[in-house]
Every structure is written in structure tokens, then in C-alpha cells.
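Take a look at the structure below.
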Amino acid sequence: MSKENSGKKKSSIFSKIIKWALSIILIFIVVSGYFAYTYIFKPNIDTGQLDYAYLHIPTGSTYKDAKDILRNKNFVVNWTTFTWVAERKNYPNNVRPGRYRIESGMSNNEFVNLLRSGAQEPINLTFSNIRTKEQLAGHISKRIEADSIEIISLLNNEVVLQRYGLSKETAALLFLPNTYEMFWNTSAEQLLKRMHNEYSRFWNDNRLQKAKSMNMTPVEVGILASIVQQETTKTDEMHKIAGVFINRIRRGMPLQADPTVVFAHGDFSIRRVLNKHKEIDSPYNTYRYRGLPPGPISLPSPVAIDHVLNYDNHDYLYFCAKDDFSGYHTFARTLQQHLINARRYQQELNRRNIMR
């Protein structure tokens with residue numbers, strides 16, 4: 001065989017080896033790509049009939065806890081691929097509590113990145129028309145991780161409340177009715193701090209100065225606002241009703257506010273306060289005890305507080321609901337005129353058969 005033919009044969013063999021090697025590499029790339037797509041980038045999260053769902057990972061959860069929650073929710077389609085990605089991204093050591101918005105069709109890569117990042121979806125906490133601390137704690141516990149027992153225990157903790165200048169009777173004043181954005185895994189302590197920050201922001205220098213000019217503290221203004229708020233749903237007469245109570249306080253007269261009696265009984269179905277109701281021996285009974293009760297009888301809204309701070313300076317000492325049931329009130333300067341107004345309203349209550 002000539003050297004020329006030998007060289008051609010070697011070149012042909014080398015060329016075949018190169019082609020074979022490239023084929024192997026190509027196959028490897030294809031297989032690896034398919035493997036990567038299947039394990040990492042292929043959609044593996046299914047939220048059922050909804051486009052998205054929320055996943056709650058409680059504080060203190062382990063990797064096993066998180067997987068158990070996922071199994072119960074049936075979000076993960078292929079557990080083998082999810083586990084492979086989760087472990088290689090070190091999720092077992094980076095489990096973060098929170099409320100996560102899970103999109104249907106997410107890949108393992110997207111899903112694990114979300115969970116280990118702690119980028120949770122905030123919640124909107126809204127509260128209004130709350131009468132007691134127990135109602136408040138129960139309402140909030142439905143929206144955040146802290147349970148009602150933890151919240152109410154904190155609202156009864158005098159040592160903690162003293163830091164904020166409050167007592168267990170006045171603690172609810174921190175919770176100004178509004179909508180607040182916060183994270184689901186907010187603890188009871190964090191909740192209280194957040195509400196105190198909002199409370200301090202509300203009570204700016206202007207409002208503090210107005211309270212001082214009335215010779216009242218923010219707490220006292222809040223308590224009075226809670227009474228005004230329960231006396232009327234008409235915000236355009238709140239300042240006038242506040243003026244009546246201010247006049248009675250300054251003259252040393254009892255407030256004689258029916259809503260405080262209802263609060264003392266704890267029966268919020270009472271629509272007509274009778275003389276027997278007024279006999280209850282409670283510091284919240286403003287027929288028996290002069291001055292403000294020891295705490296609010298509802299969560300006073302910012303609007304009600306501002307109406308108290310900007311009360312109408314008049315000389316009325318009495319008011320009574322109008323007998324047309326419009327929700328508005330008739331005001332009087334003398335007891336004689338008030339009794340006439342009250343009699344009309346009582347007659348209308350009788351006519352409508354409202355006896356309690």
C-alpha cells in the first residue's frame with residue numbers, strides 16, 4: 001500500500017471518529033437538555049381550576065413540613081423532579097414562612113426560587129365596626145398567622161401596654177379602623193408595634209394640640225369618639241353630638257349615653273335602653289358614673305376622632321333620636337324640651353313594637 005493511500009485511510013478513520021464523537025456529544029446535549037427541561041423548566045405546578053392559589057408556610061416550618069403542606073394541597077405534579085431541584089437549590093435549609101401566590105404552570109425552578117426567596121404576597125387587613133377586644137382578636141386572627149389567643153393575651157398584658165401608654169381597658173384604641181397592608185406571618189407583637197406606629201402617625205402635632213386645648217388626652221378623645229360613633233351613623237352631626245358631651249363633662253353632668261349601657265351589658269342586640277338596663281353596676285354605665293368610661297366602647301374611626309377634636313361649640317346639653325327614624329337627632333338646651341323630644345321618640349318605638 002502506498003504512503004498516499006495509507007494517509008487517506010487514516011484521514012478517513014479520523015474523520016469517522018470525529019463524526020462519532022460529535023454525534024455522542026450531540027446526543028448528550030439533547031439528553032441533558034431534555035433532562036434539564038423536564039426537571040427544571042417544565043411546568044410542574046397545578047393549582048386546579050384556578051389560575052393561582054395561595055400557599056401558607058407557618059413560622060418554624062421545616063422542609064418536611066413544607067412538603068407535607070404541598071402534598072395536602074396537591075400543587076406538585078411530579079415529586080421526583082421537584083425534590084431534585086429543591087435539594088440542589090438548597091431549599092431544605094432555606095424554608096421561609098409566609099403567604100405565597102402560586103401560579104398554575106410554574107416550573108420547579110420558578111417555584112423553588114419563590115419559596116426560598118421569601119417573596120411572599122402581602123395581605124390587606126381591614127377592620128371596622130368592632131365593639132370588643134375579643135371581636136378584634138378573632139377578626140384579625142382570620143387574616144394573619146397569629147391566633148386570637150395570642151392577640152388577646154397581648155392586649156391584656158399590662159406590662160407590654162405600659163410601653164405604649166395604654167392599659168388593658170384602652171388597648172383597642174391603637175387599632176384605628178382602616179385597611180393595612182402587612183405580611184400573613186405577622187406575629188402578635190409585630191402587629192401591636194405596627195398599630196402603634198400607625199397610631200403615632202395619626203396623632204400628629206396638630207391633633208395633639210387640639211386635644212390639649214380641650215384639656216383631654218388622645219386616649220380620652222378616643223374614648224369619647226367611640227361613644228359619639230355609636231350614638232350616630234351620620235358623620236355630619238358627629239361634631240354636634242361631641243359638643244353635647246363636652247358641655248356635659250365641663251358641667252360635671254353624667255354623659256348618660258345609651259351605647260355605654262349596651263356595652264356594659266355586652267348585649268349588642270339591645271335597640272331600646274330601658275330603666276332596668278340603666279341599673280347595671282358597671283364603670284361603663286354613664287348613667288351611674290360621671291365622666292368617661294375606662295375604655296372605648298368600640299373602635300373609634302379617624303373620622304369620629306376628628307369630629308370630637310373639632311366639636312361644635314354650642315350650648316346644647318341633650319339630644320334624642322328623631323321620631324322619623326332618619327338616623328338624625330333633635331337637640332335641646334333644657335331638660336324640659338328634651339323630655340318632650342324623648343317622649344315623641346318613645347311613642348314611635350312603641351308604635352313600631354320595639355320594646356328592647
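The values are calculated or read from the model by the stated rules, or taken from the named source; none is laboratory data. In this text the structure is predicted, and so the values were computed from the model without any measurement. Because the Cβ atoms are built from the backbone with ideal geometry, glycine has one as well, and the counts that use them run over all protein chains shown.
General remarks:
- Residues of the stretch 115-148 that are within 14 Å of His56 (Cα to Cα) and crowded, with 19+ Cβ neighbours inside 10 Å: Leu115, Gln120, Ile144, Glu145, Ala146.
- Among (1) touching a strand residue (DSSP E or B) at 6+ places or on another chain (Cβ under 8 Å); (2) farther than 30 Å from Tyr63 by Cα; (3) assigned to a helix (DSSP H, G or I), the one test that Thr179 misses: (3)
- Tally of residues being in a loop (DSSP other than H, G, I, E, B) and either surrounded by fewer than 16 Cβ atoms within 10 Å (Cβ to Cβ) or of a type in the set (S, T, N, Q) (or both) across the stretch 271-301: 16
- Unmet requirement for Asp324, which otherwise passes all of (1) more than 28 Å from the chain's Cα centre (by Cα); (2) buried (at least 19 other Cβ atoms within 10 Å of the Cβ); (3) closer than 30 Å to Asn350 by Cβ: (2)
- On inspection, Thr260 fails the criterion of being among the hydroxyl-bearing types (Ser, Thr, Tyr) and more than 28 Å from Asn353 (Cβ to Cβ).
- Single unsatisfied condition, Glu169 versus (1) over 21 Å from Val262 (Cβ atoms); (2) surrounded by 18 or more Cβ atoms within 10 Å (Cβ to Cβ); (3) of a type in the set (D, E, K, R): (1)
- Options Asp306, Asp315: the member that is of a type outside the set (Ser, Thr, Tyr) and outside any helix (DSSP H, G or I): Asp315
Rundown of residues vs (1) under 37 Å from the mean Cα position of the chain (by Cα); (2) at pLDDT 95 or above; (3) more than 23 Å from Ser117 (Cβ to Cβ), yes/no style:
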site: Gly7; (1), (2), (3): no, no, yes
site: Lys16; (1), (2), (3): no, no, yes
site: Tyr34; (1), (2), (3): no, no, yes
site: Thr47; (1), (2), (3): yes, no, no
site: Leu50; (1), (2), (3): yes, no, no
site: Tyr91; (1), (2), (3): yes, yes, no
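- The single condition among (1) within 32 Å of the chain's Cα centre (by Cα); (2) within 16 Å of His338 (Cβ to Cβ) that Gly266 does not satisfy is (2).
- Within the stretch 182-201, the residues that satisfy the criterion of being among the hydrophobic types (A, V, I, L, M, F, W, C) and either assigned by TED's automatic domain parsing to the domain that holds Arg96 or in a loop (DSSP other than H, G, I, E, B) (or both) are Phe183, Trp184.
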